[in-house]
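A short worksheet on the structure shown next.
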Amino acid sequence: MRKKIFVILVVVITLINAVSALYIFINIQMLKTPNITFKMEIVEINSNEMIIHSTLDVDNPNNFEMITKNIALVTMTSDGTEVGNMYIEGGVIASNGNRTYNDTYCMNFKSHIPERLNTMISGAVGTRFCFLELTIPLSVNVVTVIDDIVENFVPPETNIQVDFDDITQRKINITITVEMFNSNSFDIEIDDLSFVIQNETGGIVGEITIPGTRLLTNTTTDFKGHGSVIIEILNSEKTIIDMNSEITAFIAGFEKVLPFNVKTTINSPDLKSILPGSTPTFAIIRGDFRAGIFGLIDEETLEVVNPNNIEFIVKDITLSIARIDRNTKRIVASGEIKDGIIKPNGTTVLKGSMIIPYRKLFIPPLGGRIIPNWLEIILKANVTIQGLDDYFWVGLKAYQDFHPLRRDRVYKEPIIVDWF
């Protein structure tokens, strides 16, 4: 009896397997390849890796269940270098159903610029009935273009400051300070910063190079360099700072070199503003009066003490004298001093004279005294440096009490005033 039962079971199992095999065979013949959609989304990029969120959608177009097994995704660059991989166990997809697989994995491009990525999706698909299953290999290649990795690079925020320091006869020493902020999620490296300094018409007045360095992500870095520009920069109202360099972006294991340019315009300094203020140039005015045929002759002496290392040209020097009677002032004489050179680190003496007509000096205004209370000496001049088009104006004013009986009219004390 037992043997009969055993034989019956073997026959039943054989029939079931035969039917199953036939069913699976028929299904395999009729099996439609699943529709596969693969998407990659960049979650994060840093200097060492790119984190990818992948979505694999599998649609079962068949009227029977389909199984997926051992799905592997291998991503390679266009030259065949593997940069990332992911494994999915698989599972059962209902007839005419869909199943989505989500996962996150990292890519390192190993010094290869990833303009295109090839993702090979491999595994097995098939069907199952009772204890039997039959699968066929699956192979899909997906090409992804990711040029936007580099296109989304943001140049560092840059602020350029120029300080004009010391001045010499032919040049002005300057300091350039550059502040850069790297807002990217990866490090960048700035090559040497090359500065071309131009005037308004594009003429080059100076060039400076500052060594570059690496900028870490979300950090601010300062660069500082020293150099000089020619003195003719003072002839223009605007100065153009043209900075050029190259940036190396370290993105997920590869490097990309990009050009970098920043151009800014600043106001050119004026001569007076860059002269050192700690030891100003000053002047002393002295007067010497003597009687002449037509009036009182005034010999004026101008002493200029120049502590700077540069010489100045002084032009258009005019003198005038006014008599002051209480609150009334009127010009009684005028003259000039010849143009001259103010020597550096020394004292320069310039002289001029003028005649004060007796009628203007001793005929008082209405209600005034015959002898004025004071004489006011006014000097005006234009000062510049050799090679400059513009001058800056200086003016001096000194007062002296008047005693016509004294021949020597040197002031009781030297009149010292700031010159420039």
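Data overview
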quantity: Residues Val92 and Met120, FRET efficiency given R0 of 25 Å [Cβ-Cβ distance, rounded to 0.05]; calculated: 0.60
quantity: Simple spin-label estimate for Thr221 and Asp389 in nanometres, 7 Å along Cα-Cβ; calculated: 4.0 nm
quantity: Cut-off 14 Å between beta-carbons: net charge of the residues surrounding Asn309, Lys and Arg +1, Asp and Glu -1; calculated: 0
quantity: Packing-based order for 63-71, 89-97, using average beta carbon neighbours within 10 Å, highest first; calculated: 63-71, 89-97
quantity: Estimated FRET transfer efficiency (His112, Asp166; beta-carbon r; R0 45 Å; 0.05); calculated: 0.30
quantity: Linear extension gain, Thr248 paired with Lys315, 0.36 nm per residue minus alpha-carbon span; calculated: 18.7 nm
quantity: Contour excess over end-to-end distance, with Cα ends at Lys351 and Asn261 and 0.36 nm allotted per residue; calculated: 26.9 nm
quantity: FRET efficiency, Asp270 to His53 (Cβ-Cβ, R0 41 Å, nearest 0.05); calculated: 0.10
quantity: Extension reserve of the Val43-Ser185 stretch, reckoned as 0.36 nm per residue once the Cα distance is removed; calculated: 50.0 nm
quantity: Local electrostatic count at Glu246 - Lys and Arg +1, Asp and Glu -1, tallied over other residues with Cβ under 10 Å; calculated: -3
quantity: Local electrostatic count at Thr220 - Lys and Arg +1, Asp and Glu -1, tallied over other residues with Cβ under 14 Å; calculated: -2
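Only the coordinates and a few stated rules stand behind these numbers; no lab work does. What you are looking at is a predicted structure, and each value in this text was computed from that prediction instead of being measured. For neighbour counting, all protein chains shown are included, and Cβ atoms are generated from backbone atoms with ideal geometry for every residue, glycine included.
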